[in-house]
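**Student:** This is the structure I want to talk about, given as structure tokens.
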Amino acid sequence: MANYEFMLILDPSLSEEDRTASITEMKSTLEKYSAKIEKEDIWGEKKLSYKINRSEKGYYILLDIELDWTKIKDISKNLNLQTNIWRYMFVKKEA
């Protein structure tokens with residue numbers, strides 16, 4: 001198991017309920033693949049470097065997780081089906 005930073009950008013036009021539901025669904029997806037969420041940091045709405053879906057803002061969330069690297073591909077397939085998640089990225093942390 002390795003430690004990763006997991007950053008994702010959600011659609012900023014979501015209602016609070018929809019945003020919470022998307023975050024809960026994303027967390028359950030991670031837990032389904034035996035990821036352990038060690039830290040959650042919600043940055044909120046920030047300006048994007050470039051427009052995504054004609055929007056200049058995105059809702060940022062950063063998680064520190066512990067995960068087996070072989071599960072990343074499966075998690076990515078699952079996250080790609082969620083339309084409220086615009087972008088996501090796994091970055092392996094130095095030991």
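**Student:** Among the residues of segment 60-71, how many are under 13 Å from the mean Cα position of the chain (by Cα) and surrounded by fewer than 17 Cβ atoms within 10 Å (Cβ to Cβ)?
**Tutor:** The initial filter retains those residues of segment 60-71 that are under 13 Å from the mean Cα position of the chain (by Cα), namely 60-65.
In the following step, the residues that additionally are surrounded by fewer than 17 Cβ atoms within 10 Å (Cβ to Cβ) were identified as 62, 64.
Summing the residues that are under 13 Å from the mean Cα position of the chain (by Cα) and surrounded by fewer than 17 Cβ atoms within 10 Å (Cβ to Cβ) in segment 60-71 gives 2.
**Student:** Separate question: Would a scan of segment 31-44 turn up a residue that is of a type in the set (Asp, Glu), outside any strand (DSSP E or B) and in contact (Cβ under 8 Å) with a residue 24 or more places away in the chain? Give the derivation first.
**Tutor:** Applying the first criterion (of a type in the set (Asp, Glu)) to segment 31-44 yields 31, 38, 40-41.
With outside any strand (DSSP E or B) added as a condition, the list becomes 31.
This time we only want the ones that are in contact (Cβ under 8 Å) with a residue 24 or more places away in the chain, so: none.
No, segment 31-44 contains no residue that is of a type in the set (Asp, Glu), outside any strand (DSSP E or B) and in contact (Cβ under 8 Å) with a residue 24 or more places away in the chain.
**Student:** Determine whether segment 81-91 contains at least one residue that is part of a loop (DSSP other than H, G, I, E, B), touching a residue at least 12 places away in the same chain (Cβ under 8 Å) and surrounded by 14 or more Cβ atoms within 10 Å (Cβ to Cβ).
**Tutor:** Yes, some residue in segment 81-91 is part of a loop (DSSP other than H, G, I, E, B), touching a residue at least 12 places away in the same chain (Cβ under 8 Å) and surrounded by 14 or more Cβ atoms within 10 Å (Cβ to Cβ).
**Student:** Another question, then. Go through segment 1-49 residue by residue and tally those that are closer than 13 Å to LEU67 by Cβ and in contact with an Asp or Glu (Cβ under 8 Å, 6 or more places away or on another chain).
**Tutor:** Residues in segment 1-49 being closer than 13 Å to LEU67 by Cβ and in contact with an Asp or Glu (Cβ under 8 Å, 6 or more places away or on another chain): 12 in total.
**Student:** Which residue is nearest to LEU14 (Cα to Cα), if the candidates are limited to segment 53-64 and must be at pLDDT 95 or above and not hydroxyl-bearing (Ser, Thr, Tyr)?
**Tutor:** The selected residue is GLY58.
The values are calculated or read from the model by the stated rules, or taken from the named source; none is laboratory data. Computed from a prediction, not measured in an experiment: that's the story for all the values here. Methodologically, a virtual Cβ is constructed for each residue, glycine included, from the backbone with ideal geometry; neighbour enumeration extends over all protein chains shown.
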